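This report concerns only the one structure given below.
The values are calculated or read from the model by the stated rules, or taken from the named source; none is laboratory data. Just so we're clear, the structure is a prediction, and the values are computed from it rather than from any experiment. All Cβ positions, even for glycine, are placed from backbone atoms using ideal geometry, and neighbour counts span all protein chains on display.
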Amino acid sequence: MKGKRSMALPYVVWSIAFVVIPLLLVVYFAFTDKNGAFTFDNLSKIVHYLPIFAKSINLALIATIISFLIGYPLAYCIARSRTHVQRNLILLVMLPMWMNFLLRTYGWMTLLENEGIINKLLGMIGLGPFEMINTQGAVVLGMVYNYLPFMVLPLYSILVKIDRSVIEAAQDLGANRFQVLCKVLFPLSMPGIVSGVTMVFVPSVSTFIISRMLGGGGNMLIGDLIETQFLGGSYNPYLGSALSLVLMVVMLLIMTVMNAFDEDDMEGMLV
């Protein structure tokens, strides 16, 4: 027993050094001023940034919904393919993740800019040029592209375990495709849906690289705002810590709601 506990010691030390202590520092700076005195002023200033919070949540929700609408049919098709085909398709889904995150985003900048490849192709047929870069649509596109695999993989891992005989039984009982989807596939794949939605929404709502590179200065999200408080001329770690703390609380609440929804759904399935 002591041997097993000693094996966990490096993980405990790592967690304390790089998780617990940084979180305690965020809480400390969020509730103190430059003189180290306790204050709520940092949290009270967050009211002025509520529109940025709202925009971040809105764009993250849109990106999550689009990722789900694309990812669920894709995951289902992969799960219903032959075994050797599944491996190849999953490899294609994961392949972009092997490339550096910044390089992938730079690639979309090249595609979407006014003199980019997409506008040049559209110009060849007499369309455009369209303003695609530095827009909210470009930010959502970047989120969907970068985080879509995080939606597909959890859904695939659940859908591949669903026995085809369950679907055939529902069809034999007179259920059409829409009823099979709503009353059989969705309930059985709910754990994968909850995991995929969480894994896409959380990084989307806190991203700053995508919004900076594809959205320009006019599409600042909460991640960009927090970054500016720790870098550059507007250095204010106290306000930045307060913003980070509120963002963490919001994400924890969302994850708690999603997990509770998943548990309720699983209980209903067992009943």
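Criterion first (small (Gly, Ala, Ser), in a helix (DSSP H, G or I) and farther than 21 Å from SER204 by Cα) does GLY123 satisfy it? Show your work before the answer.
Working: small (Gly, Ala, Ser): yes; in a helix (DSSP H, G or I): yes; farther than 21 Å from SER204 by Cα: yes.
Criteria met by GLY123.
Of the residues GLY137, GLY196, GLY142, which is within 30 Å of VAL257 (Cα to Cα), modelled with pLDDT of 90 or more and in contact with a Pro (Cβ under 6 Å, 6 or more places away or on another chain)? Exactly one of GLY137, GLY196, GLY142 is within 30 Å of VAL257 (Cα to Cα), modelled with pLDDT of 90 or more and in contact with a Pro (Cβ under 6 Å, 6 or more places away or on another chain), namely GLY196. Checked against (1) under 26 Å from the mean Cα position of the chain (by Cα); (2) crowded, with 17+ Cβ neighbours inside 10 Å, LEU231 meets all criteria but (2).
Mind telling me which of the residues ASN219, ASN146 ends up being surrounded by 14 or more Cβ atoms within 10 Å (Cβ to Cβ), outside any helix (DSSP H, G or I), in contact with a helix residue (DSSP H, G or I) (Cβ under 9 Å, 6 or more places away or on another chain) and not acidic (Asp, Glu)? Quick ask: steps written out before the conclusion?
Details: ASN146 fails: outside any helix (DSSP H, G or I).
On inspection, the qualifying residue turns out to be ASN219.
All of (1) without any contact (Cβ under 8 Å) to a residue 24 or more places away in the chain; (2) buried (at least 19 other Cβ atoms within 10 Å of the Cβ); (3) part of a helix (DSSP H, G or I); (4) not charged (D, E, K, R) hold for ILE118 with one exception: (2).
I'd like to verify a number: residues in the range 31-60 that are part of a helix (DSSP H, G or I) and touching a Phe, Trp or Tyr at 6+ places or on another chain (Cβ under 7 Å), how many?
Adding up the residues that qualify gives 2.
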